[in-house]
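Everything on this sheet refers to the single structure shown next.
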Amino acid sequence: MSENEVNGEEIAAQVEEFLATEESALETEESSDASTVAESSESEAQEEPVSELELVQQKVAELEDQLARAKAETYNVSQEYSGYVRRSKADIPGYRQAGKAEVLAALAPVFDDIYAARQHGELEGPFASIVKKLEETLGTQAEFVSYGAVGEVFDPQVHEALMAEDKEGLEEAVVGQVLQPGYRMGDRVLRPARVIVHNPA
């Protein structure tokens with residue numbers, strides 16, 4: 001056997017040994033990679049349910065917050081409505097009184113004509129009875145009365161002076177003549193009495 005043949009066989013043996021070593025290393029690496037992938041997949045599988053649970057908990061927290069806000073808004077609206085109802089009920093008597101006063105004030109010219117007719121002796125017969133009944137009814141139901149008489153002390157809160165004259169023997173201003181009576185509903189003056197005032201000379 002020649003020296004070249006011996007060298008060839010040795011080289012072939014070394015190549016086979018190298019290839020065998022590389023193949024073994026490759027198999028080991030593939031096995032390690034497969035194990036790593038399996039472990040990673042297993043870890044992800046374990047972590048995934050935890051992530052979904054956190055999302056659900058977050059969603060529940062958001063819904064609870066929205067519900068709390070909605071309840072608060074509903075409560076505020078309810079309180080505002082209750083306050084509105086209370087104020088409305090409290091204001092009803094005032095509205096009724098204001099309505100009565102407005103109607104009675106609008107009737108003042110009618111009662112002025114009645115006063116003038118009574119002063120001239122023209123209020124007679126059935127019409128006089130009707131007027132009396134009307135005045136009594138309004139006095140009972142609405143506390144509506146007329147006022148103003150000669151000799152009353154002049155009060156600018158309830159009298160309107162259309163003219164003024166000086167008179168001897170007076171110590172204070174008084175009503176000298178009633179031109180038109182005043183009208184009152186309870187304590188509320190609907191229209192002051194229109195008078196001629198006599199002042200001390």
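The values are calculated or read from the model by the stated rules, or taken from the named source; none is laboratory data. Note that the structure is a prediction, hence the values are computed from the model and not measured. Quick reminder, even Gly has a Cβ in these numbers, built from the backbone with ideal geometry, and neighbours come from all protein chains shown.
For the range 76-95, does any single residue satisfy the condition of being out of contact with any helix residue (DSSP H, G or I) (no Cβ under 8 Å at 6 or more places or on another chain) and outside any helix (DSSP H, G or I)?
no
Can you tell me which residue within the range 133-152, out of those that are outside any helix (DSSP H, G or I) and among the charged types (D, E, K, R), is nearest to the chain's Cα centre (by Cα)?
Of everything passing the filter in the range 133-152, E143 is nearest to the chain's Cα centre (by Cα).
Does any residue in the range 88-99 that is on the phi < 0 side of the Ramachandran plot come within less than 8 Å, Cβ to Cβ, of a residue that is at pLDDT below 85 and assigned to a helix (DSSP H, G or I) six or more places away or on a different chain, and which pairs are these?
Qualifying pairs under 8 Å: none.
Does any residue in the range 117-137 that is under 20 Å from L107 (Cα atoms) and without any contact (Cβ under 8 Å) to a residue 60 or more places away in the chain come within less than 7 Å, Cβ to Cβ, of a residue that is of a type in the set (A, V, I, L, M, F, W, C) and assigned to a helix (DSSP H, G or I) six or more places away or on a different chain, and which pairs are these?
Once the first residue is under 20 Å from L107 (Cα atoms) and without any contact (Cβ under 8 Å) to a residue 60 or more places away in the chain and sits in the range 117-137, its partners that are of a type in the set (A, V, I, L, M, F, W, C) and assigned to a helix (DSSP H, G or I) give L123/I114; L123/A117; L123/V131; V131/I114.
Can you confirm whether D155 is outside the structural domain of G94 (by TED's automatic domain parsing), outside any loop (DSSP other than H, G, I, E, B) and loosely packed, with under 15 Cβ neighbours inside 10 Å?
Taking the combined requirement at face value, the residue does not satisfy it.
Kindly provide the set of residues from the range 59-113 that are of a type in the set (V, I, T) and more than 30 Å from L134 (Cα to Cα), ordered by number.
Passing the criteria: V60, T74, V77, V85.
On the given criteria, is D166 exposed (fewer than 15 other Cβ atoms within 10 Å of the Cβ) and not in a strand (DSSP E or B)?
When the stated conditions are applied, D166 does not pass them.
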